[in-house]
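Input: a single structure, listed below in structure tokens.
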Amino acid sequence: MNKIKPNVEFSQALSDRYLKGSTEGYADKLLISELRDEMNAPFLELVGFEKVGQKQSNLRELRIAVLDHLCIDHTKYDLGEVCPNIEELDLSSNLFDSWVGVAAITSQLPRLAILNVSDNKLAIPENPASLKSAFSNLNQLQMSHMDYSWKAIVQASAMWPRIEVLAVPNNNIKSLEFMDSDVFNQLRVLNLEGNHIESWEEVNKLGQLPNLEQLSLYGCGLKNIQVKENSFSRLSKLSLSNNRITQWEHISELDKLPMLVDLKLCGNLGFEVNSQESFSQGIIARIGNLQVINGSQISSVDRRGAELDYLKQNGNEYLIALSQQHSPTGEQQIRNFDAKHPRYKFLVQKYGPPEQGEYATKPTTLKNALIMLRLEWGSKQISKKLPVTMEVQKLKVLIHRLFNLHSSELTFFSYGPKNPGLYIPLDNDLRPLSFYSIEDGDTIVVKESV
């Protein structure tokens, strides 16, 4: 086995990797995958390191340098003469023991914008601001597996006055100490995944960051969500996958985030749902501005179906609370319902209230009745056996999928062989098919709205 000599000088490592043909293996798919995993590229959208395997004939032209696992711990040459144009640098898993050693390199790279120092045990200087000139153009920084607390990171932040993207996964962050108003003012993207942040009370402390747009709390052990009012004013993308969130009320809290449009929320196993699709629908109904859930775009049809389903599922509880509003405990029942379902009243205004008759016990024979229907879109026809208790909105979602329809400007009618010229509009999404007296052998026709 070949051993890399310890205490390697930066320029020598750079030359060995990029001038002596030792790049073989560093541009293969495995390396690229490892780099993307390490830097969480799908979330942070950091790019460029896929070019690391390109052999350079002139180090002065080098823009991207990946020098991980090379036992580098110092430099002794004028890097302004060797590699002045480096913009992205990976120094992860080397032998640096302080930021002073890293700064000795970065201070000679005036174009450096992206830096990875993960898995180096770097001591923070007593006066971090004294090194800020060494990182004057740095805007993206990766620091995973460095055993830093958030307090230490805030202390060190004086070195990086222009930082916009900060990834500190798998550190020793358990609390997020209060930050002065001038800390991380330019920060747009923050990755805290794999740390041990169990309470949203800590997360709320990040709500004052004026430019924060993306936040990853993947696998942090979060047990609750309770969003502070008027916080996270620009947060548009949030990852909460693989946590310990188990209550729908906590999901509803995310509707307080005014700009949230993209949410990842997989792997929270405490929710009682029949499928991942049902889980996604429950999220969509509770967060009004959401446009993407777990990487999938939310269409207007998806949103309408999810909201109507949510309206129907909780309609009986709503009607009971409403009927008791004049009783001694009525006001409290209404308050409890509103706290549990904060968007429900808005959905009632949007679609109309649920009707008491929809929740009456139906005969078992009706519940189990299936009828064969012909679904028709233009020249295309599909026959499907469906329950007569199926709601119109669920039928519409099914038809959109079967015919791969994307328009929301569609009208649905039914007609039967008994009255082939009589088209009945399916105009109430909350009604079951039985309400329209749809029978076995009838046809559902889909037409463009006029």
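The values are calculated or read from the model by the stated rules, or taken from the named source; none is laboratory data. Small disclaimer: the values here were computed from a predicted structure and weren't measured. Cβ atoms come from the backbone with ideal geometry, glycine included; neighbour counts cover every protein chain shown.
SER236: touching a residue at least 12 places away in the same chain (Cβ under 8 Å), surrounded by fewer than 21 Cβ atoms within 10 Å (Cβ to Cβ) and within 30 Å of ASN314 (Cα to Cα), yes or no?
Details: touching a residue at least 12 places away in the same chain (Cβ under 8 Å): yes; surrounded by fewer than 21 Cβ atoms within 10 Å (Cβ to Cβ): yes; within 30 Å of ASN314 (Cα to Cα): yes.
Criteria met by SER236.
Taking the stated definitions as given, is SER118 surrounded by fewer than 16 Cβ atoms within 10 Å (Cβ to Cβ), in contact (Cβ under 8 Å) with a residue 24 or more places away in the chain and either part of a strand (DSSP E or B) or hydroxyl-bearing (Ser, Thr, Tyr) (or both)?
Details: surrounded by fewer than 16 Cβ atoms within 10 Å (Cβ to Cβ): no; in contact (Cβ under 8 Å) with a residue 24 or more places away in the chain: yes; either part of a strand (DSSP E or B) or hydroxyl-bearing (Ser, Thr, Tyr) (or both): yes.
In short, no.
Testing ASN94 on (1) at pLDDT 95 or above; (2) more than 33 Å from the chain's Cα centre (by Cα), one condition comes back false. Which one is that?
Of the numbered conditions (1) at pLDDT 95 or above; (2) more than 33 Å from the chain's Cα centre (by Cα), the odd one out for ASN94 is (2).
Looking at (1) among the hydrophobic types (A, V, I, L, M, F, W, C); (2) modelled with pLDDT under 95; (3) assigned to a loop (DSSP other than H, G, I, E, B), which is the one condition that is false for LEU112?
(2)
Checking GLU331 against (1) acidic (Asp, Glu); (2) under 26 Å from ARG304 (Cβ atoms); (3) modelled with pLDDT under 90: exactly one of these is not met. Which one?
Going through the list (1) acidic (Asp, Glu); (2) under 26 Å from ARG304 (Cβ atoms); (3) modelled with pLDDT under 90, GLU331 breaks only (2).
If you scan segment 121-158, which residues turn out to be in a helix (DSSP H, G or I) and hydrophobic (A, V, I, L, M, F, W, C)? Walk me through how you get there before you give the answer.
Keep residues of segment 121-158 that are in a helix (DSSP H, G or I), which gives 128-135, 150-158.
Listed by number, the residues that qualify are ALA129, LEU131, ALA134, PHE135, TRP150, ALA152, ILE153, VAL154, ALA156, ALA158.
Under the condition of being surrounded by fewer than 17 Cβ atoms within 10 Å (Cβ to Cβ) and among the polar types (S, T, N, Q), which residue from segment 121-140 is nearest to LYS76 (Cα to Cα)?
Within segment 121-140, the match that is nearest to LYS76 (Cα to Cα) is SER133.
Go through segment 149-179 residue by residue and tally those that are over 21 Å from the mean Cα position of the chain (by Cα), closer than 12 Å to VAL117 by Cβ and surrounded by 21 or more Cβ atoms within 10 Å (Cβ to Cβ).
Looking only at that region, the number is 2.
Among (1) among the aromatic types (Phe, Trp, Tyr); (2) within 24 Å of PHE346 (Cβ to Cβ); (3) surrounded by 19 or more Cβ atoms within 10 Å (Cβ to Cβ), where does PHE271 come up short?
Answer for PHE271: the failing condition is (3).
For VAL82, state whether it is surrounded by 21 or more Cβ atoms within 10 Å (Cβ to Cβ) and touching a Leu at 6+ places or on another chain (Cβ under 8 Å). Can you show your working first?
Details: surrounded by 21 or more Cβ atoms within 10 Å (Cβ to Cβ): no; touching a Leu at 6+ places or on another chain (Cβ under 8 Å): yes.
Answer is no for this residue.
A quick yes/no check of all residues on (1) of a type in the set (Ser, Thr, Tyr); (2) out of contact with any Ser or Thr (no Cβ under 6 Å at 6 or more places or on another chain); (3) surrounded by fewer than 20 Cβ atoms within 10 Å (Cβ to Cβ):
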position: LEU206; (1), (2), (3): no, yes, no
position: GLU213; (1), (2), (3): no, no, yes
position: CYS220; (1), (2), (3): no, yes, no
position: LYS223; (1), (2), (3): no, yes, yes
position: SER252; (1), (2), (3): yes, yes, no
position: ILE284; (1), (2), (3): no, yes, no
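Which members of segment 57-72 meet the condition of being over 37 Å from the mean Cα position of the chain (by Cα) and surrounded by 12 or more Cβ atoms within 10 Å (Cβ to Cβ)?
Result: LEU59, ARG60.
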